[in-house]
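Participant: The structure is given below, and queries will be raised subsequently.
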Amino acid sequence: MIETRQIHKREDVTIEVVHDNSALNPIYLRIHSKKEALEVNIARQDFPFLMHMLNVTYTDTH
């Protein structure tokens, strides 16, 4: 198993992305704040679409 992990922290929010090449859905996204938490596994084939949607949203809001 090869796992890579990236973590971003800002005040009360933590965003974590884990890539585990031995898992069926190898991309794991976790977003935590003091009030809420979101944890999802993302299939490799869905990841480009998610990135595109996030990029469009970022561009539209800046």
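Participant: I need to check one value: relative contact order of the chain, counting alpha carbon pairs closer than 8 Å and at least 6 residues apart, in percent.
Facilitator: 22
Participant: Can you send over the carbon and sulfur percentage of the accessible area for the chain, probe radius 1.4 Å, protein chains only?
Facilitator: Accessible surface attributable to carbon and sulfur in the chain totals 56 percent.
Participant: Taking the Cβ of residue 21 as the center, what net charge do the other residues with Cβ under 14 Å away carry, scoring Lys and Arg +1 and Asp and Glu -1?
Facilitator: 0
Participant: When the Karplus curve 6.51 cos²θ - 1.76 cosθ + 1.60 is applied with θ = phi - 60°, which whole-Hz ³J(HN,Hα) does each residue of region 39-46 get, with x for Gly and Pro?
Facilitator: Values per residue, Gly and Pro as x: 9, 9, 9, 10, 5, 3, 6, 8 Hz.
Participant: How much accessible area per residue does the chain have, counting only protein heavy atoms and a probe of 1.4 Å, in square angstrom?
Facilitator: Result: 86 Å² per residue.
Participant: Under a Cβ-Cβ cut-off of 13 Å, what is the net charge of the residues other than residue 11 that fall near it, where Lys and Arg count +1 and Asp and Glu count -1?
Facilitator: Net of charged neighbours comes to +3.
Participant: Averaging over all projection directions, find the projected area of the Cα convex hull of the chain and quote it in nm² with one decimal place.
Facilitator: One quarter of the hull surface, i.e. the mean projection, equals 5.0 nm².
Participant: Given the -39500 (n - 2.57) contribution per DSSP H run of 4+ residues, what per-residue ellipticity at 222 nm results for the chain, rounded to the nearest 500 deg cm²/dmol?
Facilitator: -7500 deg cm²/dmol
Participant: About its Cα centre, how strong a charge dipole does the chain have in debye, to the nearest 20, once Lys and Arg get +1 and Asp and Glu get -1 at the Cβ?
Facilitator: That gives the chain a dipole magnitude of about 100 debye.
The values are calculated or read from the model by the stated rules, or taken from the named source; none is laboratory data. The structure presented is a predicted model; accordingly, all values stated were derived computationally and were not measured. A quick note on method: Cβ atoms are made from the backbone with ideal geometry, for glycine too, and the neighbour counts reach across all protein chains shown. Note: areas computed on protein heavy atoms with side chains; ligands, DNA, RNA excluded. Shrake-Rupley method; radii C 1.70, N 1.55, O 1.52, S 1.80 Å.
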